[in-house]
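Written below as structure tokens is the structure these notes are about.
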Amino acid sequence: MTFESLGISSYLLKALAHQNYTEPYPIQQQAIPAILKRKDVLGIAQTGSGKTAAYALPILMNLQKKELSKNRFVDVLVLVPTRELASQVREVFYSFSLALPERIKTLAVYGGVSINPQMMALQGVNILIATPGRLIELIECNAVKLSAIDTLVLDEADKMLDLGFQEEVNKILKLLPTKRQNLLFSATLSENVNEINQMILHEPLVIKIEEEKENIDLITQTAYLISNDKKGPFLRQLIITREMKQVLVFCSSTYKADNVCDKLRKNGITAQAIHSGKSQGARTEALKQFKGGSITVLVATDLIARGIDIKFLPFVINYELPRSPKDYVHRIGRTGRAESPGEAITFVAPEDEHHFKIIQKKMGKTVTMLNPKNI
Ligand code: AMP
């Protein structure tokens, strides 16, 4: 199957080729024709499935067929749970929009940064990507109007609800015109997500992409039984002896992430921490450095790591176990993507052994437990 056969225009085909999108991913094969026909879509898929392009491409094509709204009336609203995802989604829209003959203006707005530049930039925006809280602030000061929206996307809806944005989302939904296209994407169809689904989607095309299982099969998983006080030196030893050049380390708290990062730096290993306590600027910069290869280690917490897309990440290390098996799968899914094999290494303190057994059971895979001496 080709993007051309899905009805993608020649302008966008060029942009796709330029970005090395050779063949449409399964979610794109199903979603693109439906969205072009202005059907509602319910996509059960994770980051990594190609869901962003699955909705961005047909939305851009549909926009070309209509008269674009003006001033502070936006045409398309994409609601996302985190700042990182907002920037990432905007990047996808922006990179494709550059290939089009018409000027389509895209903007990402999110909290944690000053509101004034966002208010000014909203003039003439066609596609707005927003986190719910900041969007409401902008609506309240009349910087944006939602009455001309004709396509709504809720991306990572499950995360949005997990983060407690339900009330904000409901408030926003009430401000939208009733006649519109709705696209809902979520990693899981939880009860909460299903509620929204039933409330807003009209005879949707349901697409289910079983991504996690496939991804996990590509990943070599190992675990080391090690007490908490020995984890720091062991992490450093592992990075040095295995000559790791790019490694994402997970901690369960902001405090721990900073602490691990400091210790690595003191020992001459370049590292940055990324968590909710960091400013937006610091997070973007850390991610940029990590993606560009100028630092070896990125130390992250679960909340922030969700939705971060880094291609071909060779190593993920769980310095501490996540609480839920779902988060474990999500963490290790950062590696072994796009058919490149990756390695996930988990540090298990003796008191967490039982919890790790539960994670393995839920995941349906057994992980070999090694002794720290065997590296
Ligand atoms: P997403 O699930 O939207 O976060 O996309 C995951 C990654 O896959 C992104 O880095 C995209 O650039 C990439 N991608 C999406 N669709 C394709 C495709 N058809 N071919 C190659 N790469 C793709």
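The values are calculated or read from the model by the stated rules, or taken from the named source; none is laboratory data. None of these values were measured; they are calculated from a predicted model. Cβ atoms come from the backbone with ideal geometry, glycine included; neighbour counts cover every protein chain shown. Heads up: the accessible areas ignore ligands, DNA and RNA and are worked out on the full protein's heavy atoms, side chains in. Shrake-Rupley method; radii C 1.70, N 1.55, O 1.52, S 1.80 Å.
Things to note:
- Filtered residue count, the range 1-42, keeping only those that are open to solvent by 70 Å² or more (accessible area, probe 1.4 Å) and under 17 Å from residue 151 (Cβ atoms): 3
- Looking across the range 105-121, just one residue is closer than 22 Å to residue 65 by Cα and surrounded by fewer than 21 Cβ atoms within 10 Å (Cβ to Cβ), and that is 105.
- Given (1) under 23 Å from the mean Cα position of the chain (by Cα); (2) open to solvent by 40 Å² or more (accessible area, probe 1.4 Å); (3) modelled with pLDDT of 95 or more, number of the condition residue 155 does not satisfy: (2)
- Elements of type strands (runs of 3 or more DSSP E) in the range 170-253, at least 1 residues being touching a Gly at 6+ places or on another chain (Cβ under 9 Å) and open to solvent by less than 20 Å² (accessible area, probe 1.4 Å): 181-186, 205-208, 219-225
- All positions within the range 27-50 that are over 19 Å from the mean Cα position of the chain (by Cα) and within 11 Å of the ligand (Cβ to nearest atom): 29, 32
- In the range 358-370, the residues that are modelled with pLDDT of 90 or more reach residues that are in a strand (DSSP E or B) with C-beta atoms within less than 6 angstrom, at least six apart or across chains, in these pairs: 367/221; 367/223; 368/222; 369/223; 369/225; 370/222; 370/224.
- On the stretch given as the range 123-138, residues that are assigned to a loop (DSSP other than H, G, I, E, B) and either within 21 Å of residue 96 (Cβ to Cβ) or free of Cβ contacts under 8 Å to residues at least 40 places away in the same chain (or both) total 3.
- Considering the range 12-26, and only residues there that are modelled with pLDDT under 95 and not in a loop (DSSP other than H, G, I, E, B), the residue that is farthest from the ligand (Cβ to nearest atom) turns out to be 14.
- Single residue of 45, 17 found to be in contact with a strand residue (DSSP E or B) (Cβ under 7 Å, 6 or more places away or on another chain), in the same structural domain as residue 201 (by TED's automatic domain parsing) and among the small types (Gly, Ala, Ser): 45
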